[in-house]
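Undergrad: Mind looking over this structure? Questions follow.
The values are calculated or read from the model by the stated rules, or taken from the named source; none is laboratory data. Values in this document were obtained by computation on a predicted structure and should not be read as measured data. Here the Cβ is made from the backbone with ideal geometry for all residues, glycine too, and neighbour counts use every protein chain on show.
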Amino acid sequence: MQSSDVIVIGAGVGGLAAALSLLRAGQKVRLYEQVYSLGEVGAGLTITPNAGKALLYLGLSDALRAMGSTPPAGVMRHFSSGKILLHMPQDKSEEKYGVPLYHVHRADLHNALRSAVDALDPTCIRTGMALESLDSRTDGVRLRLQGGQETTADWLVAADGIHSRARSELFGSDKPNFTGYVAWRGLIPGELVTPDLMNPPLCMTVGPRRMLMRYPLRRGSVVNFVAVAQRTTWTAEGWSVRSELSELMAEFHDFEPHTKKLLELTPPDRLFKWGLFDRDPMPTWIHGSTILIGDAAHAMPPFTGQGAVMALEDGAVIGRAALLSSTPAEAIHRFEKSRYARVNAALAMSRGRAELYFSEDPLQQVRRMGLSMAELRTTYDYDSGNVRI
Ligand SMILES: Cc1cc2nc3c(=O)[nH]c(=O)nc-3n(C[C@H](O)[C@H](O)[C@H](O)COP(=O)(O)OP(=O)(O)OC[C@H]3O[C@@H](n4cnc5c(N)ncnc54)[C@H](O)[C@@H]3O)c2cc1C
C-alpha cells in the first residue's frame with residue numbers, strides 16, 4: 001500500500017509494535033497515548049518463541065537477547081511441605097522453534113519498542129493525548145481527543161487495552177468479565193535475596209486454589225513473582241492497585257517458610273494487585289476504517305502467558321497486512337482474517353487453563369499442568385513475520 005495516514009491509539013506493547021511495524025511498512029503513523037510520560041511499570045513477562053519471532057520481524061532480536069534471560073531448569077513445589085513435585089527441565093525452545101524463550105522485564109521491552117519507533121520517526125508518539133470520541137466510516141476516521149482537539153486519518157488501529165475507549169465508542173460498552181482470580185505481582189531487589197530463597201531460581205509453588213511463580217530478571221538483579229488466588233469479586237477502584245504486603249501474606253499464610261520469607265522482602269512500592277479480567281470473543285474487530293488489536297480486541301486471562309504475546313503478534317501482522325494490501329480496508333480485513341481463529345483459540349485455551357491450574361489438590365494440579373504443556377507449546381510455532389496472511 002502506498003503511504004497512508006494511520007493513527008494508532010495506545011502505547012502499550014501492542015500499540016508500539018503496531019506503530020513500528022506500520023512505519024517499517026512505509027506508512028505515516030501517529031500514535032496517541034493518554035499518559036503524559038511513558039514509563040511502563042509492570043513486572044516480568046515471558047517472551048515465548050512466537051513473541052520472539054514477532055520481535056525478530058520488528059528488528060528487535062538483538063535488543064531481546066540483551067534484555068532477556070533464558071530460564072534455567074526449575075521445579076514445582078508443594079505449598080506447605082516444600083517438597084519437589086515435578087522437575088521442569090531446561091527449556092529447549094531454541095532447539096525446537098529456532099528462538100529461545102526469554103523472561104524480560106516489561107519496562108525493558110516497552111523501552112526497546114519505543115526507542116525503535118522514535119528512531120524511525122521521532123514525531124510519531126504523542127503523549128498526553130487521550131482518545132475521547134471516534135467516528136469511523138469506510139472512507140476514514142475522525143477523532144476527538146481530550147481537551148477538544150480534533151483530527152482525521154485514513155484509518156485507525158485501536159490498541160488502547162482492555163478498557164478500550166475506541167471499542168466502547170464503536171461497539172457499545174460491554175464490560176470485561178471478572179475471571180474470579182486476582183494476581184499479586186512484585187519485584188524484589190536481587191541483593192536482598194539470599195541464595196537459599198532462590199534454590200532453584202525458577203520455581204512454581206502450588207497450593208489449594210493458589211499458586212506462586214517466581215524467577216530472576218535482569219541477570220538476577222531483581223526477582224519477579226506472580227501470586228494468584230481466587231476471589232468472588234473485584235471491588236477495588238481500577239484493575240491494578242497497590243497492595244499491602246499484609247494482605248498477600250494473609251492469603252499465602254500456609255505456604256512453606258522459604259516462600260513466605262521471600263514474599264516478605266517485597267518493597268511496599270513494588271507490590272501490585274490485579275483483578276484478572278477477560279472479554280468474550282467479538283464477531284468482528286472492524287468498524288468502518290478502524291481495527292481493534294491487542295487487549296482492546298481480545299483480552300484474555302494470563303494463564304497461558306499469551307496476552308502481551310498476542311498483542312506483539314498483532315503488531316507485526318498489521319504492518320505486513322499494510323505492505324501486502326492496496327487500501328486500508330484491504331489491510332484491516334486481511335489482518336482480521338489471518339488473526340481471528342488464532343487469537344480466539346488462545347483466548348479459549350487461557351480460559352480453560354484456569355480450571356487446570358486451580359484445584360484443591362496440588363498434586364492433581366501439577367499432573368494436569370504437566371499434561372497441558374504440550375497444548376500450550378502448540379502456540380509457540382507461529383511466526384507472525386512469515387505466516388501466510
Ligand atoms: C497479572 C497479569 C499478568 C500477565 N502476565 C502476562 C504474561 O506473562 N505474558 C503475556 O503475554 N501477557 C500477560 N498479561 C497480559 C498483558 O499484560 C496484556 O495482554 C497486554 O498488556 C496487552 O497489551 P495492549 O498493548 O493490548 O494493552 P495495554 O498494555 O493495556 O496498553 C494500552 C495502552 O493504551 C493506553 N490508552 C488507554 N486508553 C486510552 C485512550 N483513551 N487514549 C489514548 N491511550 C489510551 C494506555 O495508557 C496504555 O498505554 C498479564 C496480565 C495481567 C493482568
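Undergrad: Given the criteria over 21 Å from Gly305 (Cβ atoms) and out of contact with any Leu (no Cβ under 9 Å at 6 or more places or on another chain), does Arg24 qualify?
TA: no
Undergrad: What are the residues in segment 201-254 that are under 20 Å from the mean Cα position of the chain (by Cα) and farther than 20 Å from Met76 by Cα, if any?
TA: Arg218, Val222, Gly238, Trp239, Ser240, Val241, Arg242
Undergrad: Would you confirm whether or not segment 243-266 contains a residue that is in contact with a strand residue (DSSP E or B) (Cβ under 9 Å, 6 or more places away or on another chain), part of a strand (DSSP E or B) and at pLDDT 95 or above?
TA: No, there is no match, as no residue in segment 243-266 is in contact with a strand residue (DSSP E or B) (Cβ under 9 Å, 6 or more places away or on another chain), part of a strand (DSSP E or B) and at pLDDT 95 or above.
Undergrad: On to the next question. Could you please tell me which pairs satisfy a Cβ distance under 6 Å, a separation of 6+ or placement on different chains, a first residue in segment 283-299 that is in a loop (DSSP other than H, G, I, E, B), and a second residue that is of a type in the set (Lys, Arg) and away from the ligand (no atom under 16 Å from the Cβ)?
TA: Gly288/Arg137
Undergrad: Please verify whether Ser21 is at negative phi and without any contact (Cβ under 8 Å) to a residue 60 or more places away in the chain, treating the condition exactly as stated. Reasoning before the result, please.
TA: Details: at negative phi: yes; without any contact (Cβ under 8 Å) to a residue 60 or more places away in the chain: no.
In short, no.
Undergrad: Only residues that are surrounded by 14 or more Cβ atoms within 10 Å (Cβ to Cβ), more than 12 Å from the ligand (Cβ to nearest atom) and in a strand (DSSP E or B): list them for segment 106-140, please.
TA: Once the filter is applied, which keeps residues that are surrounded by 14 or more Cβ atoms within 10 Å (Cβ to Cβ), more than 12 Å from the ligand (Cβ to nearest atom) and in a strand (DSSP E or B), segment 106-140 yields Asp135, Ser136, Gly140.
Undergrad: Which residues, counting only those in segment 61-79, are hydrophobic (A, V, I, L, M, F, W, C) and part of a strand (DSSP E or B)?
TA: To start, the set of residues in segment 61-79 that are hydrophobic (A, V, I, L, M, F, W, C) comprises 63-64, 66-67, 73, 75-76, 79.
Correct list: Val75, Met76.
Undergrad: Restricting attention to segment 141-198, and to residues there that are outside the structural domain of Tyr32 (by TED's automatic domain parsing) and aliphatic (A, V, I, L, M), which single residue is nearest to the ligand (Cβ to nearest atom)?
TA: Ala183
Undergrad: Then there is this: Note down all Cβ pairs under 8 Å where the first residue falls in segment 155-176 and is in contact (Cβ under 8 Å) with a residue 24 or more places away in the chain, the second is of a type in the set (D, E, K, R) and in a loop (DSSP other than H, G, I, E, B), and they're at least six residues apart or on different chains.
TA: Final answer for the pair search is Ile162/Arg279; Ala166/Asp160; Arg167/Asp160; Asp174/Arg279; Asp174/Asp280; Pro176/Arg279.
Undergrad: For segment 1-60, please list each of the strands (runs of 3 or more DSSP E) lying entirely inside it that holds at least 1 residues being surrounded by 24 or more Cβ atoms within 10 Å (Cβ to Cβ) and more than 11 Å from the ligand (Cβ to nearest atom).
TA: Counting at least 1 such residues, we get 5-9, 28-32.
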